[in-house]
1. Of Lys102/Lys270; Lys102/Lys193; Lys114/Lys258; Lys43/Lys249; Lys175/Lys244, which pairs sit farther than 29 Å apart, going by alpha carbon to alpha carbon?
2. Can you sort Leu70, Leu50 by 1.4 Å-probe accessible area, starting with the largest?
3. Given the Cα-Cα distance of Lys80 and Val65 and 0.36 nm per residue of separation, how much length would full extension add, in nm?
4. Ordering Phe23, Phe144 by accessible area with a probe of 1.4 Å, largest first, what comes out?
5. For region 111-165, which GluC sites (Glu not before Pro) are in a loop by DSSP, counting at most 13 other Cβ atoms within 10 Å?
6. Given a Förster radius of 30 Å and the C-beta distance between Glu262 and Gln229 as r, what FRET efficiency does 1/(1 + (r/R0)^6) yield to the nearest 0.05?
7. Which of Leu237, Leu40, Leu136 moves the most in a Gaussian network model of the chain with Cα springs under 10 Å?
8. Gaussian network model of the chain, Cα springs within a sub-10 Å range: biggest mean-square fluctuation belongs to which of Asp120, Asp141, Asp71?
Amino acid sequence: MEAVLNRSKYKPGLCLSRIRFDFVNALILAAGYATRLYPLTLKKAKPLLLVGGKPIMEWVVDNLVGVRDLDTIYVVTNDKFAADFEAWSERYQERHPQFKFKVINDGSTSDEDKLGAIGDINFVVTRENLAQSSLLIIAGDNLFTESLANFVDCATGTDATVAVYDVGDIEAIKKYGNITVDAEGIISRFEEKPKNPQGTLAAIALYYYSPAVLSLLTTYLAPGNNPDQPGRFVQWLYTRKPVKTFQIKGKWLDIGSKETLENADQILGKIKGEYQ
């Protein structure tokens, strides 16, 4: 039985069992040029912009506190901003020595020669030989108000798990990957940027991929499939392997425009103030 949104007995994000833990690496996607945010991003990478009083990247990494068996956090970026991310990671690690970072320069210099998000994932997996263990992948412009530890706990042991979020608006969902899930929370339908959405459940750029799935990246890219939007890989994958879902609690903030940047600044600034 299929379910649009949460209308089945299954609730995406509910851990039905606890599985043994294997070590996991994390990859933060930060190689884009964010041209829609010019001039703010002409000389500063979007993930390094301040939101709520600290860099977007810092919010992203803070949410990894509590993730079990986390090994290395890889940050893939471009040649223009690689040195900036190196400097940021060194400063952050001084304050949080439990994290180990490695910044990877994908060699691109502009929006014209970028590898694309899927291309970057494959680049890092291949170059760093990461296909031997599972990989947590996070877009560097996606912010969450809660820890990602539960996502990783529930995803561990699956071939692939994708985070989902109910955007609650039929117009808003047209900008994202619209999905339907079955009673076990496995994706049964995926449409990127739908003209006629079925519900308001979005697949967002937070993924957990096993070695079996990471090995399929080159298979996906070889015939010339879209290397950019990471959701395109999920759209291709779900017809070949079961892709589970985990519904994110709290707020999900996708920084794609000046308006969403300002909105995130207000929301996270308030949250930060509550903890000071």
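1. Lys102/Lys270; Lys102/Lys193; Lys43/Lys249
2. Leu50, Leu70
3. 2.5 nm
4. Phe23, Phe144
5. In loop regions of region 111-165 (DSSP not H, G, I, E or B), the sparsely surrounded GluC sites (Glu not before Pro) are Glu112, Glu146.
6. 0.80
7. Its mean-square fluctuation being the largest, the pick is Leu40.
8. Per the Cα network of the chain with a 10 Å cutoff, Asp71 tops the list.
The values are calculated or read from the model by the stated rules, or taken from the named source; none is laboratory data. Quick caveat, the model's predicted, so the values are computed rather than measured. Cβ atoms come from the backbone with ideal geometry, glycine included; neighbour counts cover every protein chain shown. Each accessible area value is taken on the protein alone, full model and side chains, heavy atoms only, with ligands, DNA and RNA left out. Shrake-Rupley method; radii C 1.70, N 1.55, O 1.52, S 1.80 Å.
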